[in-house]
1. Looking for something of a type in the set (Val, Ile, Thr), away from the ligand (no atom under 14 Å from the Cβ) and within 30 Å of LYS266 (Cβ to Cβ) - is there at least one such residue anywhere in segment 79-86?
2. What's the total number of residues in segment 14-52 that are of a type in the set (Ser, Thr, Tyr) and over 20 Å from LEU155 (Cα atoms)?
3. Give the residues of segment 86-108 that are of a type outside the set (D, E, K, R) and in contact with a Gly (Cβ under 8 Å, 6 or more places away or on another chain), sorted by residue number.
4. Go through (1) of a type in the set (D, E, K, R); (2) within 21 Å of the chain's Cα centre (by Cα); (3) more than 22 Å from SER151 (Cα to Cα) one by one and return the number of the condition LYS261 breaks.
5. I want to confirm something. Restricting to segment 1-32 and keeping residues that are touching a Ser or Thr at 6+ places or on another chain (Cβ under 8 Å) and of a type in the set (A, V, I, L, M, F, W, C), which single residue is nearest to the ligand (Cβ to nearest atom)?
6. Considering only segment 185-196, how many residues are part of a helix (DSSP H, G or I) and either under 17 Å from LEU89 (Cβ atoms) or within 15 Å of the ligand (Cβ to nearest atom) (or both)?
7. Could you name every one of the helices (runs of 4 or more DSSP H) located completely within segment 294-392 that has at least 1 residues being under 20 Å from ASN153 (Cβ atoms)?
8. Determine which member of the set ILE102, ILE168, ILE91, ILE149 is within 16 Å of the ligand (Cβ to nearest atom), buried (at least 17 other Cβ atoms within 10 Å of the Cβ) and among the β-branched types (Val, Ile, Thr).
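The values are calculated or read from the model by the stated rules, or taken from the named source; none is laboratory data. Quantities reported herein were computed from a predicted structural model and do not represent experimental measurements. Cβ placement follows ideal geometry from the backbone for every residue including glycine, while neighbour counts extend to all protein chains displayed.
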Amino acid sequence: MKKFLDLGSQPLANSYLNKNELKKKEKKFRLIVGFDPKNYLVSILNTVPKEKMFNKNYPYKSSESFTMRNQFKKLSTKLIKRFKPKLLLEIGSNDGAFIGNINKNKALGVEPCKNLALITQKKGYKTFSDYWTVKLAKKITQKNKVDLIYSANTLSHIKDYSEIFRAINISLSEKGILVLEDPSLLECIKKLAYDQFYCEHIYVFSTIALQKILEPFGLEIFDIDNIKTHGGSNRYYIKRKTNKYFKITKRVRNNVKKEVKFGLKKFMTYKIFSRKVEKSKKKLKDIFKKLIFQRKKIIGYGATAKSCTVLNYCEISNSNIKFFYDTTSFKIGKYLPGSKIKIRKYKKLEIKDADYVFLGAWNFKDEIFKKEKIFISAGGKFISHVPFPRII
Ligand code: JHZ
């Protein structure tokens, strides 16, 4: 692993603090990102045990945004139509934003965070509250193999991907399809979205890296959708190499070409990215400094996991941002890790609330701007750091 980016000492991104924890010393780790030139894989170098991140207190719910609910709904129809699975399995089913669109008798969910698994269990979905392992795959698909496995924003969170693919090979029927969705490394680098790196995002994948990972498991990517989700993601359609029913599409070749042309195989690309990130930090800090000097009131919008990286890396805290608005029940009343900024229950922005709003959920800019038309037309401004620090 060749190191290229040091995002400093960081707390665990989704470990929101209760009021009585504010004085306690937070557990921190050094967030360093590296590149493996052999397999083109980009990953963080110091990892945190999964049990510390994904447990019964997990606060992130996929259903919180209209964009995601809508996208999962459309996708479920598309996947059912294209692959006609008799049985579908979702790894990391969260609060059911995707699986909730599938017929209960044809779906299985796996979700290690008990608080989230409970949500889909209550709705009647067979959800196993466990980590995805070979042992679990054997247990739940012993009799019935699965025709379609879907997993969004999960693979990038699991250090031992070998266990994941061995387990998938146990569960997937001979002609079964695996659909994986994760942030795209190309988009992350292009957009300077360095906040895609935090404790949970162990990997940010490229097509070329994923191809290498899949190879030893007899799996291959046969199609890709480039999607806007989370600032730019890839949806990879994967099959067994022995499955000749689907041909590898031009889209796969084009993605590979694009990535190679951009330089994702070269260490220099990542060094340049790192230099740009440092400049971005300086610029964001300058924006805050100027606004604070002018006594402007700044609040935050969307207490994302990504915000944790930006705020801590750029040394922005509760003396710069008064509070964050967020819609997630599990986060409201708590404080962002490290920066200790309070999270308040969302209400429509009014000009009396703030002069400037830091866009923690920059990936939902369009949805948020549509919702906050009144604030914008009254002269309210947003601050965003992606793709470069600026006032909008
Ligand atoms: P959002 C999480 O990252 C964690 P985060 C995880 N590691 C991951 O990979 C991605 O999700 C998928 C709020 N919000 O999706 C809701 C509003 O308040 O960018 C959320 O708290 N009002 C699993 O946290 C947050 O913003 C709104 O109008 O970086 C969005 O979080 C909207 C649209 C969102 O993921």
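1. No.
2. Count: 2.
3. The answer is LEU89, SER93, GLY96, ILE99.
4. (2)
5. Filtering segment 1-32 for residues that are touching a Ser or Thr at 6+ places or on another chain (Cβ under 8 Å) and of a type in the set (A, V, I, L, M, F, W, C), the one nearest to the ligand (Cβ to nearest atom) comes out as ALA13.
6. Kept after step one, since they are part of a helix (DSSP H, G or I), are these residues of segment 185-196: 185-190, 194-196.
If we keep only those that are either under 17 Å from LEU89 (Cβ atoms) or within 15 Å of the ligand (Cβ to nearest atom) (or both) too, we end up with 185, 187-188, 194-196.
Going through segment 185-196 one residue at a time, the tally reaches 6.
7. Answer list for segment 294-392: 305-313, 365-371.
8. Answer to the check: ILE91.
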